[in-house]
Amino acid sequence: MQRRHFVAGLAAAGTLLATKPAFADLPSLRFRDMYSRGKDLSDQAIALEGQRIVMTGYMAPPLKPEINFFVLTKTPMATCPFCDDATDWPNDIVLSYFEGDMKFTRFSNLIRVEGTFDTGIETDGPTGFVSKVRLLDTRYTIL
């Protein structure tokens, strides 16, 4: 192998190693760290309000194809959880809104989601879905 090919190969490898994943600089939040006791948000979750964060979980099947959100779950779910009010809100799901078209993935694929963390009780007008925590402007990658 000629020396210049070897040096060029090292330079290319260095560029690949130096490239950071899109999620590298964002704080992360685990489902188990979202709540402190019962239905109260943890100090960590409260501190992340309004920030872009990363979470890992599973995409529950959408309620209907034309909605602009999916439910991020702690464990794979074959059906989408649906809440009637905030008292029913489980501590192992996060409503994840997206802009534009979203390609949904299988409920059994582990995904990493990036979005702006939002809290407080809200009701989605078109579906009536009540949420306590949300990720806004989300995007995901399959792990």
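The values are calculated or read from the model by the stated rules, or taken from the named source; none is laboratory data. Keep in mind that what you see is a predicted model, and the values were worked out from it rather than measured. Glycine also receives a Cβ, built like all others from the backbone with ideal geometry; neighbour counts cover every protein chain displayed.
Give segment 94-133 a look and list any residue that's closer than 27 Å to Gln44 by Cα and aliphatic (A, V, I, L, M), or say none.
Scanning segment 94-133 gives Val94, Leu95, Leu110, Ile111, Val113, Ile121, Val130, Val133.
Name the residues in segment 35-56 that are crowded, with 17+ Cβ neighbours inside 10 Å and either assigned to a helix (DSSP H, G or I) or at pLDDT 95 or above (or both), would you?
Answer for segment 35-56, where residues must be crowded, with 17+ Cβ neighbours inside 10 Å and either assigned to a helix (DSSP H, G or I) or at pLDDT 95 or above (or both): Ala45, Leu48, Arg52, Ile53, Val54, Met55, Thr56.
Based on this model, can you work out whether Ile142 counts as aliphatic (A, V, I, L, M) and at pLDDT below 90?
The answer is no for Ile142.
Tell me which residues, restricted to segment 104-126, are charged (D, E, K, R) and crowded, with 16+ Cβ neighbours inside 10 Å.
Arg112, Glu114, Asp118, Asp124 - these are the residues of segment 104-126 that are charged (D, E, K, R) and crowded, with 16+ Cβ neighbours inside 10 Å.
Read through the list (1) at pLDDT 85 or above; (2) among the polar types (S, T, N, Q); (3) under 15 Å from Arg30 (Cα atoms), then give the number of the only condition that Asn91 fails.
With (1) at pLDDT 85 or above; (2) among the polar types (S, T, N, Q); (3) under 15 Å from Arg30 (Cα atoms) applied to Asn91, the lone miss is (1).
Of (1) assigned to a loop (DSSP other than H, G, I, E, B); (2) modelled with pLDDT of 95 or more, Ser108 satisfies all except one. Which?
Failed condition: (2).
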